[in-house]
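Participant: The structure's right below; bear with me while I get my questions together.
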Amino acid sequence: MDKIAVLDFGGQYAHLIANRIRRLGVLAEILIPQDLVDPTTELKNFRGIILSGGPQSVLEKGAPTVDPAIFELKKPVLGICYGLQLLVHSLGGKVKKAGGGEFGKSTLRLASRGQGRKSKLFTEIPKTSTAWMSHGDEVIALPDGFEKIASTENCEFAAIEGIVSGEQRVVKKNKKGKLPTTNYQLPTIFGTQFHPEVAHTEFGEKIFKNFLKITAAKKSWTIDQFLKIEISRIKKQVGKRKVFMLVSGGVDSAVGFALLERALGKKNVFGLMIDHGLLRKNEAEEVHKSLKKAGFENLKIINESGHFLAALKNITDPEEKRRVIGRVFLKVQRKALKRLRFNPREWLLGQGTIYPDTIESAGTANADKIKTHHNRVPEIEAMIEKNLVVEPLAQLYKDEVREVGKKLKLPKSLINRHPFPGPGLGVRILCGESEKPKTTNKIETEIHRKWKIKGKVLPVRSVGVQGDSRSYAHPVALFTTSRDFEKLDEVATWTVNKFSEINRVVLCLNSVKAPRIFQTRFTKLTCSRIDLAREADAIVNKILISKKLYSKVWQFPVVLASVFEFEKEGEAVILRPINSEEAMTANFARLPKSFLNEVTKKLMKLDGVENVFLDITNKPPATIEWE
Ligand code: XMP
């Protein structure tokens, strides 16, 4: 079978590249460059090589690299982001250390190269299109034999192509006055500073199609084939044992459960849903009903909210919250196994982990940690080491999981539910206390000067992902009557790119008048805050469904933060509707004014709610969840 090698330099999207290639019908294998003992030999059987992005700088000592001899293999190579910088650096070009950076949307312009000559990488791609950037460092000079094939406003070398010098000599010798015809005499090495793998790069898929055409790889990969391979892998891993599966009611664990049942038979898979007290309103009952309806019989629900809430009583740090929730999950699961008289030696733990959970928890050799997903806490990692955990979906993205769900004939209502994180409302209620940055006045003044909009830095912080690294920074709230979301998107992107202290922009929905000062106070995960978050979430979802907007949004976290005007001590509800394909990148969803007005009106009536904000940041630079 023809295949493509993806060298993983730790980028958040390295695995997404493999997903894209697979979706185009060609098998892609992810390889860790440091693990290659003899790269030129090991890469010989691949049709093409893709170098992924990564969180480091190629200029840093110890940054991951690969033997430049791979560029002499005369195989098509595509370097993406860090991958582009690495190939430029390795072949004699120059990379400059980051000043600011560029995160999010940008306009890609193909270079005009005379006589209508277009790079093969850009066949059937228009002169201008949207491309998604997420980088700090940038290329400032190309190696010999390379030329620019596209730019953006902030990045001259947004895409390049070339040949290594050895190949150039071959071209010259064989020329005899005629244009070269064989494949390797044409440019074989390509690089893009932007990310063609993310759904928000308009012609990303076409770029990969063009690259695959250059490699001449034949199509042979399908989801059916995945199912066949995975079912036999599960059977081999589990053997004569059984699987105890934690089910959350979300898409991933339901599909994981169904796949395990398909592989092992109904009697050998037991589902347990743990109500940790951080679920949505009526979630446990509704999930139970819909899973039963879908045919899952071996399923039990236990309410352990007391345990979880006691363990979280004094925890305010978001990472610590995730760790505690993960640990209590395991404890409760062990207790349940004992109560049900299961012998732990005969049982494995099943989890519906999907790929983004792994990569954001720094699950690959070169990746930076964005956050620890609850199913990647150290205790689970230790069990994984001992081969005691089955994760049938660990290599897939949400869109692929939904496709597997369809193949397994799960009901649409279950497959199309909005994703809900394992730690639930626990990571949607900001705790602790946070000072505003020292540069607050400067930031607010500059926003006003540039956009004539009043902006206020909020005294809380949330997590973000910038240039493949984790950021933990402040939001800015905008006060304006404008609901021109394209313009507001521009303001948000500019603001986050300009100020490193800021990683999100929100729009105040309940007022256009900015208060003189925003304050915060030390808060914890109390029952009354959880109830408030639950009620706010229920209001938002009810209106979303009644206005037939549920399927127009991919996910809709509703977040609570202690932010208030001088001495009022109320809470802010932050709406975070997004659209995405696989959660690795996302656009904030553009919802109608009538919906936003109705939701704001209802939320402002809740006791303790003082402000309603709408998050208008894309991912990157902000993550979907706030913690
Ligand atoms: P972020 O916030 O990283 O989220 O953009 C990406 C997707 O992952 C979900 N998410 C989680 N899911 N356990 C989960 O099962 C977790 O700890 C967790 N954290 C984030 C998030 O809701 C989004 O769909």
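The values are calculated or read from the model by the stated rules, or taken from the named source; none is laboratory data. Computed from a predicted model, the values in this text were never measured in an experiment. Heads up, the Cβs are rebuilt from the backbone with ideal geometry, glycines too, and the neighbour counts pull from every protein chain shown.
Participant: Can you name every residue in the range 408-435 that is hydrophobic (A, V, I, L, M, F, W, C) and under 24 Å from ASP224 (Cβ atoms)?
Facilitator: Taking the range 408-435 and keeping what is hydrophobic (A, V, I, L, M, F, W, C), we get 408, 410, 414-415, 420, 425, 427, 429-431.
Once the filter is applied, which keeps residues that are hydrophobic (A, V, I, L, M, F, W, C) and under 24 Å from ASP224 (Cβ atoms), the range 408-435 yields LEU408, LEU410, LEU414, ILE415.
Participant: Could you please find all residues in the range 557-570 being of a type outside the set (A, V, I, L, M, F, W, C) and within 12 Å of the ligand (Cβ to nearest atom)?
Facilitator: Step one: list which residues in the range 557-570 are of a type outside the set (A, V, I, L, M, F, W, C), which gives 557, 562, 565, 567-570.
PRO557 - this is the single residue of the range 557-570 that is of a type outside the set (A, V, I, L, M, F, W, C) and within 12 Å of the ligand (Cβ to nearest atom).
Participant: Take the range 188-238 and flag every residue that is closer than 30 Å to LEU340 by Cα and out of contact with any strand residue (DSSP E or B) (no Cβ under 9 Å at 6 or more places or on another chain).
Facilitator: Across the range 188-238, the qualifying residues are GLU230, ILE231, SER232, ARG233, LYS235, LYS236.
Participant: Go through (1) surrounded by fewer than 24 Cβ atoms within 10 Å (Cβ to Cβ); (2) out of contact with any Ser or Thr (no Cβ under 8 Å at 6 or more places or on another chain); (3) farther than 19 Å from LYS74 by Cβ one by one and return the number of the condition SER52 breaks.
Facilitator: Result: SER52 passes all but (1).
Results for (1) in a helix (DSSP H, G or I); (2) over 25 Å from PRO419 (Cα atoms); (3) within 24 Å of the chain's Cα centre (by Cα), shown as yes or no for each residue.
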{"site": "ILE302", "(1), (2), (3)": "no, no, no"}
{"site": "GLY306", "(1), (2), (3)": "yes, no, no"}
{"site": "GLU320", "(1), (2), (3)": "yes, no, yes"}
{"site": "ILE325", "(1), (2), (3)": "yes, no, yes"}
{"site": "LEU330", "(1), (2), (3)": "yes, no, no"}
{"site": "ALA336", "(1), (2), (3)": "yes, yes, no"}
{"site": "PHE342", "(1), (2), (3)": "no, yes, no"}
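Participant: Please go through the range 440-475 and give me each residue that is charged (D, E, K, R) and over 29 Å from ILE80 (Cα atoms), ordered by number. Talk me through it step by step, then tell me what you get.
Facilitator: Restricting attention to the range 440-475, the residues satisfying the condition of being charged (D, E, K, R) are 442, 444, 446, 449-450, 452, 454, 456, 461, 468, 470.
Answer for the range 440-475, where residues must be charged (D, E, K, R) and over 29 Å from ILE80 (Cα atoms): LYS442, GLU444, GLU446, ARG449, LYS450, LYS452, LYS454, LYS456, ARG461.
Participant: Could you name every one of the helices (runs of 4 or more DSSP H) located completely within the range 370-470 that has at least 1 residues being out of contact with any helix residue (DSSP H, G or I) (no Cβ under 9 Å at 6 or more places or on another chain)? Give the steps one after another, and end with the answer.
Facilitator: On the way: elements: 378-385, 398-407, 412-415, 440-451.
Counting at least 1 such residues, we get 378-385, 440-451.
Participant: May I pose another question? Could you tell me whether any residue of the range 12-34 is among the aromatic types (Phe, Trp, Tyr) and more than 25 Å from TRP132 (Cα to Cα)? Lay out the reasoning, then the answer.
Facilitator: First, pick out the residues of the range 12-34 that are among the aromatic types (Phe, Trp, Tyr): 13.
Still in the list and also more than 25 Å from TRP132 (Cα to Cα): none.
No: zero hits.
Participant: Residue by residue through the range 312-330, note down the ones that are hydrophobic (A, V, I, L, M, F, W, C), at pLDDT 90 or above and either within 21 Å of ILE302 (Cα to Cα) or near the ligand (Cβ under 10 Å from one of its atoms) (or both). Give the derivation first.
Facilitator: At the first step, the residues of the range 312-330 found to be hydrophobic (A, V, I, L, M, F, W, C) are 312, 315, 324-325, 328-330.
Subsequent filtering for residues that are at pLDDT 90 or above retains 312, 315, 324-325, 328.
Within the range 312-330, LEU312, VAL324, ILE325, VAL328 meet the criteria.
Participant: Which strands (runs of 3 or more DSSP E) does the range 1-103 wholly contain that include 1 or more residues that are within 18 Å of GLU138 (Cβ to Cβ) and of a type in the set (Gly, Ala, Ser)?
Facilitator: Details: elements: 3-7, 27-31, 48-51, 77-80, 94-96.
Of the strands (runs of 3 or more DSSP E) lying wholly inside the range 1-103, those with at least 1 residues that are within 18 Å of GLU138 (Cβ to Cβ) and of a type in the set (Gly, Ala, Ser) span 77-80.
Participant: Which ones in the range 571-627 are in a strand (DSSP E or B), under 18 Å from ASP537 (Cβ atoms) and within 11 Å of the ligand (Cβ to nearest atom)? Spell out the reasoning first.
Facilitator: Start the filter on the range 571-627 by keeping residues that are in a strand (DSSP E or B), which leaves 571-575, 578-580, 586-588, 609-615, 619, 622.
After this cut, where a residue has to be under 18 Å from ASP537 (Cβ atoms) as well, the list is 571-575, 578, 588, 609-615.
Across the range 571-627, the qualifying residue is only ILE578.
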